[in-house]
Structure formats: structure tokens, C-alpha cells
Amino acid sequence: MTHDTSEIPYADLTPDAVLNAVDSVGPRCDGRLLQLNSFENRVFQVGLDEGGLLIAKFYRPGRWSDAQIAEEHAFTRELAQREIPAVPPLELGGRTLHAWGRHRFALFPRQGGRAPELDDEHTLEWLGRYLGRMHAVGAGSSYRHRPALDIESFGTRSRDFLLQGKWVPESLLAAWSSVAEQALQGAREAWQRAGQPQSLRLHGDCHVGNLHWTDDGPHFVDFDDSRSGPAVQDLWMLLSGDEHDMRAQFAALLRGYEMFREFDRRELHLVEPLRTLRLLHYSAWIAQRWHDPAFPAAFPWFGSERYWQDRILELREQVALMAEPPLLGSGYQG
């Protein structure tokens with residue numbers, strides 16, 4: 001399938017356009033430009049005449065409103081003001097969100113680092129302390145414009161988009177539709193068992209790729225997926241390995257976390273439902289972005305029968321896991 005270039009979100013975002021956009025708000029570029037890995041947005045490292053580097057983030061057209069981006073920026077600035085190591089955008093000319101043609105962008109200081117060692121208890125406790133502080137700030141007020149991470153937005157709408165767009169092969173449609181509904185029902189039942197947990201402002205996509213570690217500790221980057229939701233969303237993606245490993249990792253996280261904020265253990269019922277919603281959302285996300293040439297190139301297997309067979313097996317496993325007692329709650333010693 002071919003598309004008019006006007007439908008391709010970044011077709012006109014040439015290197016010259018990126019440099020001119022940055023120049024337009026004050027910093028003078030020296031011509032150095034490196035595109036960084038990002039599918040959702042376009043992110044560049046830009047060299048400056050005066051020396052040093054900036055990060056220029058160009059938001060995907062049509063994804064977030066100006067008001068939603070402003071809330072993300074305000075949250076990260078609030079965290080930084082509380083000395084919580086988030087990386088907020090730079091304010092230039094009294095603004096953090098800028099426009100160049102049809103594109104909106106923000107500039108950030110470059111703060112590098114390495115991936116944290118998540119098998120180290122000291123590292124996990126350190127992360128837990130900052131997450132506890134972040135969530136204490138996040139619970140202090142609410143988003144008005146950014147959406148919630150819930151079953152409707154991440155699960156039901158994702159399922160419906162895939163069905164309405166006929167992305168699932170006809171031969172597997174009945175099986176996938178059935179297991180997707182079972183998965184959504186399992187998530188609904190788990191949410192009830194969790195007792196309607198508190199919703200607060202989150203990082204939202206707190207995996208190892210969005211954590212940079214230096215000798216001074218961690219800092220959190222890329223709040224683009226920040227939403228309202230349960231606190232455990234920012235914890236479970238930091239866990240890996242077998243049951244023993246994950247329990248030990250979670251215990252270390254909570255030792256740090258609960259120095260600053262109490263964790264509601266009922267939210268342990270939400271770990272597998274949140275994983276399930278993320279799986280449904282991921283398939284819908286690829287389908288929604290298919291007109292972007294970067295996506296067929298990166299996900300050539302999407303749409304194949306093998307891809308959807310694997311998704312059916314994955315969801316069946318999740319249905320079984322959601323019916324069991326929460327893994328992290330079994331034998332947990334905090």
C-alpha cells in the first residue's frame with residue numbers, strides 16, 4: 001500500500017528542518033545531528049555552536065493535544081523542582097513546547113548514562129526511593145487532559161481497533177476474539193479484587209530503557225506515555241527472571257519505595273492484568289502506526305498468521321495467570 005506523503009507523519013522532517021526548528025527558538029546549531037532510537041516520536045541529538053549537545057524531541061502529529069503535552073511538561077518540571085531526577089524540557093521564550101511548520105517539538109538537556117543493574121539490590125532500593133518520591137508528587141494532583149491507563153483505553157479500545165480494522169487474519173479471528181474477551185474479563189475481575197486502587201500521575205512506561213544510571217544515581221527520561229493509573233504500573237516492568245528473582249527484586253524496590261510512600265498490596269492483583277493490557281495495546285499501536293514507513297520496516301512479521309498465533313497463545317497464558325493468586329503476593333516478605 002502507498003500513501004500520499006502528507007499522510008506520512010515525518011516525511012518533511014529533514015535534517016535541515018530539524019536544525020532550522022532548533023535555531024528558531026534560540027540555540028544555534030553547529031550542524032551535528034544524530035537521530036536516536038524512537039518509533040513513536042522523532043528524537044535527535046543536536047550539536048551547538050557554543051559547545052555541548054541538546055536533545056530535540058518532535059512529537060508525533062495528532063497523538064497528543066497541546067494541553068496534554070503541557071501537562072507532561074509540568075509534571076516533569078514539578079519533579080525536578082522537588083529534586084527527583086526527571087529530565088524536564090527547557091523553557092525558551094517562556095515556553096517548553098514549540099512549533100515548526102506542522103511539527104511540535106521540545107528541547108531537553110542531554111543527560112546520558114548507562115542501563116541500571118537491576119539484579120543489584122542496592123540499585124533497586126535506590127530506584128524504589130525515587131519512585132516512592134515520584135508517586136508522592138504524582139498523587140498530589142490529577143491530570144485533567146491526559147488519559148488514564150485503564151481497561152477501557154488500553155484493552156477494550158485496542159481490541160476494538162484491531163477487529164474493526166480487520167487486522168487479525170480471518171482464519172484466526174474467532175480464536176483471537178474469544179481469548180481477547182476472556183483476557184479483558186480477567187482484567188476486570190482482577191481490578192475488582194484490587195479494590196479500585198488509587199489513580200495517580202505516573203511515568204507510565206518505566207522500563208530499563210527509560211532509566212539512565214550514572215555514579216550519582218538514576219534519572220528518568222521520556223515521560224511521553226505518562227498517564228494516570230495505579231502505582232504498581234511503574235514497578236512491575238522493572239522485574240525479570242523467575243519467581244524467586246522477581247520476588248527478591250520487588251522486595252528491594254519496596255524497601256526503598258516505602259521510605260516515602262506506602263504501597264497498597266492489593267495492587268499486586270494488577271500486575272498480570274497490566275501486562276495483559278500492554279500486550280493488547282502493543283498490537284493495536286503497531287496497527288495504528290502502519291502508515292508510518294518505519295513500522296512495516298521494523299515489524300515485517302506483523303499481520304502474518306504466525307504473529308497472531310503467538311498472540312493467541314500469549315493471551316491464553318495471561319488468562320491463566322490472572323486467575324491465579326498474584327505471584328508477588330505469594331510468600332512475599334517485605
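The values are calculated or read from the model by the stated rules, or taken from the named source; none is laboratory data. Given the structure is predicted, the values throughout are model-derived calculations rather than measurements. All Cβ positions, glycine included, derive from the backbone under ideal geometry; neighbour counts span all protein chains shown.
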Exercise for review: Could you please let me know if Ala148 is exposed (fewer than 13 other Cβ atoms within 10 Å of the Cβ), among the hydrophobic types (A, V, I, L, M, F, W, C) and either closer than 24 Å to His281 by Cβ or modelled with pLDDT under 95 (or both)?
Suggested key: no
Study note, to complete from the structure: Asp215 meets each of (1) under 24 Å from Arg110 (Cα atoms); (2) in contact with a Leu (Cβ under 9 Å, 6 or more places away or on another chain); (3) of a type in the set (Asp, Glu); (4) surrounded by fewer than 20 Cβ atoms within 10 Å (Cβ to Cβ) with one exception, condition (2)
Practice item. Restricting attention to region 6-17, report how many residues are part of a helix (DSSP H, G or I) and of a type in the set (S, T, N, Q). Key: 1
Review point. Just a yes or no: is a residue in region 30-38 within 27 Å of Ala298 (Cβ to Cβ), modelled with pLDDT of 95 or more and touching a His at 6+ places or on another chain (Cβ under 6 Å)?
Key: no
Review point. Of the residues that make up region 192-200, is at least one in contact with a Pro (Cβ under 9 Å, 6 or more places away or on another chain), in the same structural domain as Met134 (by TED's automatic domain parsing), in a strand (DSSP E or B) and in contact (Cβ under 8 Å) with a residue 12 or more places away in the chain?
Key: yes
Exercise for review: Out of Glu262, Glu272, report the one residue that is at pLDDT 95 or above and part of a helix (DSSP H, G or I).
Suggested key: Glu272
Review point. Taking Glu272, is it in the same structural domain as Leu253 (by TED's automatic domain parsing), buried (at least 16 other Cβ atoms within 10 Å of the Cβ) and among the acidic types (Asp, Glu)?
Key: yes
Check your understanding: Can Gly186 be described as part of a helix (DSSP H, G or I), of a type outside the set (D, E, K, R) and at pLDDT below 95?
Key -> no
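Here is a yes/no grid of residues against (1) crowded, with 22+ Cβ neighbours inside 10 Å; (2) of a type in the set (Asp, Glu); (3) without any contact (Cβ under 8 Å) to a residue 60 or more places away in the chain:
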{"residue": "Tyr257", "(1), (2), (3)": "yes, no, no"}
{"residue": "Asp264", "(1), (2), (3)": "no, yes, no"}
{"residue": "Pro293", "(1), (2), (3)": "no, no, no"}
{"residue": "Arg306", "(1), (2), (3)": "no, no, yes"}
{"residue": "Met322", "(1), (2), (3)": "yes, no, no"}
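Please determine whether any residue of region 306-323 is among the aromatic types (Phe, Trp, Tyr), in the same structural domain as Gly165 (by TED's automatic domain parsing) and farther than 29 Å from Glu83 by Cα.
Yes, there is a match, as at least one residue in region 306-323 is among the aromatic types (Phe, Trp, Tyr), in the same structural domain as Gly165 (by TED's automatic domain parsing) and farther than 29 Å from Glu83 by Cα.
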Study note, to complete from the structure: (1) surrounded by 14 or more Cβ atoms within 10 Å (Cβ to Cβ); (2) in contact with a strand residue (DSSP E or B) (Cβ under 8 Å, 6 or more places away or on another chain) all hold for Ser142 apart from (1)
Point to revise | Pair list, Cβ < 9 Å and 6+ apart or interchain, from region 12-23 residues that are more than 17 Å from Arg104 (Cβ to Cβ) and modelled with pLDDT under 95 to residues that are small (Gly, Ala, Ser) and in a loop (DSSP other than H, G, I, E, B) | key: none
Review point. What is the one condition in (1) within 25 Å of Ala80 (Cβ to Cβ); (2) surrounded by fewer than 17 Cβ atoms within 10 Å (Cβ to Cβ); (3) of a type in the set (Asp, Glu) that Asp160 does not satisfy?
Key: (1)
Check your understanding: Condition test on Asp310, is it of a type outside the set (Gly, Ala, Ser), in a helix (DSSP H, G or I) and within 23 Å of Gln164 (Cβ to Cβ)?
Key -> yes
Study note, to complete from the structure: Counting only residues in region 183-212 that are surrounded by fewer than 18 Cβ atoms within 10 Å (Cβ to Cβ) and of a type in the set (S, T, N, Q), the one nearest to Tyr130 (Cα to Cα) is identified as Asn210
Revision key, fill the gap. Residues in region 226-249 that are charged (D, E, K, R), in contact (Cβ under 8 Å) with a residue 24 or more places away in the chain and assigned to a loop (DSSP other than H, G, I, E, B) total 1
Exercise for review: Output the residues belonging to region 275-284 that are touching a residue at least 24 places away in the same chain (Cβ under 8 Å) and either more than 13 Å from Val232 (Cβ to Cβ) or part of a loop (DSSP other than H, G, I, E, B) (or both).
Suggested key: Thr276, Leu279, Leu280, His281, Ser283, Ala284
